[in-house]
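Some notes on the structure that comes next.
The values are calculated or read from the model by the stated rules, or taken from the named source; none is laboratory data. Keep in mind it's a predicted model, so treat the numbers as computed, not measured. No Cβ is skipped: glycine too gets one built from the backbone with ideal geometry, and neighbour counts run over all protein chains shown.
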Amino acid sequence: MGCVESMNYEVLLRDGSFKECRDYIKEHFSEYIDVQPGFKVFDIYLIGVPPLAIGLDHDFIVFPYTKPCHGTFLLRVEDTAEAARLRSIKKGT
Amino acid sequence: MTGEIAEQLGTALLVLGCPQVPVQTSIALYLIHRLKKAGIVPVVAGNKAANTLLVVADPDRHYIGEIMDLDRAIAQITEKKRDFDRCFVFIHNDAGISYAATMNAISKAKLYTLVYGEHQDTLVGQIDFPCIKIAAKAVHNPLPLKKAIDEVTPWAA
């Protein structure tokens, strides 16, 4: 998961709980998908209590990122291809 | 360690949390000892700080065997490259719950949650997925959690 450090990301929430992050996405983004733990976004396997919400806002992807000592962060990353991939998964469900 | 059993009776993954609560390292070494004594091969997965605390405490590797990065363990299990018979997740904060729920979702291992620290009651109440809960209000003194583990005898199940 080291690739997070190389991403151009914005932190929307820090030191949050998994529930706070899920609620934030559902309250602030009209477009989101629910996934299971272990779902891969970029090269990151998502950690959390299911269902995990991933927010979509045009080409921006908002997803939870958990570290043992720092809780869960909500990261916002712009990536056209990944946003399209997530939307295609959403259509298939 | 003496009296090791040659026959392998399964594998166990110990998922360490943030090592800021002192009992974690002590209980991890104790659990590794009991698992090995029962013929179960323990593998530790934690972040760098949690793993280093164990490695420094056991320089000749009398207790710890394989030790790996937590993110790598999650990746290997998710990609179905590896799995374990038992999984013990150390929990003293919200992130610990997230890791335990993740292990429940991605692994076929029999899941044990070891819940400790100041907020163990609240954390136990948040665990709504199938697992065997072992909990004690232990922060500096590992004995309450050791006692709770001994009562469950997860190495014998």
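The set of residues from the stretch B:11-54 being of a type in the set (V, I, T) and in a strand (DSSP E or B) comprises B:T11, B:V15, B:V41, B:V43, B:V44. Would the stretch A:48-59 turn up any residue that is more than 14 Å from chain B (Cβ to nearest Cβ), part of a strand (DSSP E or B), in contact with a Lys or Arg (Cβ under 7 Å, 6 or more places away or on another chain) and modelled with pLDDT of 95 or more? Checked the stretch A:48-59: at least one residue is more than 14 Å from chain B (Cβ to nearest Cβ), part of a strand (DSSP E or B), in contact with a Lys or Arg (Cβ under 7 Å, 6 or more places away or on another chain) and modelled with pLDDT of 95 or more. For the stretch B:120-140, state whether one or more residues are among the aromatic types (F, W, Y), buried (at least 20 other Cβ atoms within 10 Å of the Cβ) and under 24 Å from A:T72 (Cα atoms). Within the stretch B:120-140 (the criterion being among the aromatic types (F, W, Y), buried (at least 20 other Cβ atoms within 10 Å of the Cβ) and under 24 Å from A:T72 (Cα atoms)), the answer is no, since none of the residues qualifies. Would the stretch B:69-81 turn up any residue that is buried (at least 24 other Cβ atoms within 10 Å of the Cβ), among the hydroxyl-bearing types (S, T, Y) and touching a Gly at 6+ places or on another chain (Cβ under 7 Å)? Among the residues of the stretch B:69-81, not one is buried (at least 24 other Cβ atoms within 10 Å of the Cβ), among the hydroxyl-bearing types (S, T, Y) and touching a Gly at 6+ places or on another chain (Cβ under 7 Å), which makes the answer no. When residues in the stretch B:47-77 are screened for being among the polar types (S, T, N, Q) and either away from chain A (no Cβ under 14 Å) or under 17 Å from B:T11 (Cβ atoms) (or both), 1 of them pass. Pick from B:I91, B:I106, B:I74: which is farther than 16 Å from B:I40 by Cα, over 15 Å from the mean Cα position of the chain (by Cα) and among the aliphatic types (A, V, I, L, M)? Exactly one residue qualifies, and that residue is B:I106. Taking the listed residues B:V41, B:V89, the one that is under 15 Å from B:W155 (Cα atoms), within 14 Å of another protein chain (Cβ to nearest Cβ) and modelled with pLDDT of 95 or more is B:V89, with no other qualifying. Six or more apart or on different chains, Cβ under 8 Å: which pairs go from a residue in the stretch B:102-128 that's away from chain A (no Cβ under 14 Å) to one that's surrounded by fewer than 15 Cβ atoms within 10 Å (Cβ to Cβ) and of a type in the set (G, A, S)? Could you list them? The qualifying pairs are B:K110/B:A157.
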